[in-house]
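The values are calculated or read from the model by the stated rules, or taken from the named source; none is laboratory data. Predicted, not measured: the structure shown is a model, and the values here were computed from it. Every residue, glycine as well, gets a Cβ built from its backbone with ideal geometry; the counts of neighbours run over all protein chains shown. These accessible areas exclude ligands, DNA and RNA; they are computed on the full protein's heavy atoms, side chains included. Shrake-Rupley method; radii C 1.70, N 1.55, O 1.52, S 1.80 Å.
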Amino acid sequence: MSVSGIGAAGYPMGGYGTRRAQRNIAGKNYADQMCNMVQTTQMSSGTFELHISNDKDGKAIGSMCGADYSLTVYQPKDFDPANPVYKVKVWDKSGNVTERMVDVSKVDTKSSDYIDMFVYSSHLSASGECPSAQSAFIRAGANQHGFDSKTHDDLFGMADWISVLKDAMQSQYDAGNLEGYLGYKQFWDFLNK
């Protein structure tokens, strides 16, 4: 049985429909509005803010939230593609922020924390080197903890992300989900070249 027909047309059952009039405020296009957006997000653990972009930190190339945190990767204004270093900010449920700079050329995919690997996968997607990297990484991390179970503290633990990705691929293969398996494979192939 499929749930694809339940509220599928623009997600009206959940109130997720986007209206064009909401996108054009004061002559700004949707992308311009996103540059300074702070969105309130409701998770099972409570409500908190998902910080997107702002004038001070730069353009956001990746944002996500979990059980008790919000994480955003910024491309600084002085960004040099030849030396890709990004600013990352992590907010806990109390609004406390942790900042760090991440040089993606130094991220070890076999031994890094979630934050560094999220920055790396965001870079790969934003640069076009591996467009599916960020979504594959997020799904692999969710496979490890569950979508709403990863906590702020889990972001700082070291992991072998090649193994995490392999486990996620295997679980899709075992379930007979070829599309899910192939969704990881492009990222897997990129990391193993």
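If you filter the range 81-130 down to residues that are in a loop (DSSP other than H, G, I, E, B) and in contact with a Leu (Cβ under 8 Å, 6 or more places away or on another chain), you find that the one that is most open to solvent (accessible area, probe 1.4 Å) is Thr109. Report whether or not Glu179 is open to solvent by 60 Å² or more (accessible area, probe 1.4 Å) and not in a helix (DSSP H, G or I). No, not satisfied.
Would you confirm, using the coordinates I've provided, whether Ser163 is modelled with pLDDT of 95 or more, within 16 Å of Trp188 (Cβ to Cβ) and part of a helix (DSSP H, G or I)?
Numbers: modelled with pLDDT of 95 or more: no; within 16 Å of Trp188 (Cβ to Cβ): yes; part of a helix (DSSP H, G or I): yes.
For Ser163, the condition - modelled with pLDDT of 95 or more, within 16 Å of Trp188 (Cβ to Cβ) and part of a helix (DSSP H, G or I) - is not met.
If you filter the range 132-145 down to residues that are touching a helix residue (DSSP H, G or I) at 6+ places or on another chain (Cβ under 8 Å) and free of Cβ contacts under 8 Å to residues at least 40 places away in the same chain, you find that the one that is surrounded by the fewest Cβ atoms within 10 Å (Cβ to Cβ) is His145.
Applying a threshold of 8 Å to beta carbon distances and a minimum spacing of six or more residues, or different chains, the list of pairs starting in the range 178-193 at a residue that is farther than 10 Å from Leu165 by Cβ and in contact (Cβ under 8 Å) with a residue 24 or more places away in the chain and ending at one that is open to solvent by less than 30 Å² (accessible area, probe 1.4 Å) and in a loop (DSSP other than H, G, I, E, B) reads Gly183/Ser132; Gln186/Cys130; Gln186/Ser132; Phe190/Cys130.
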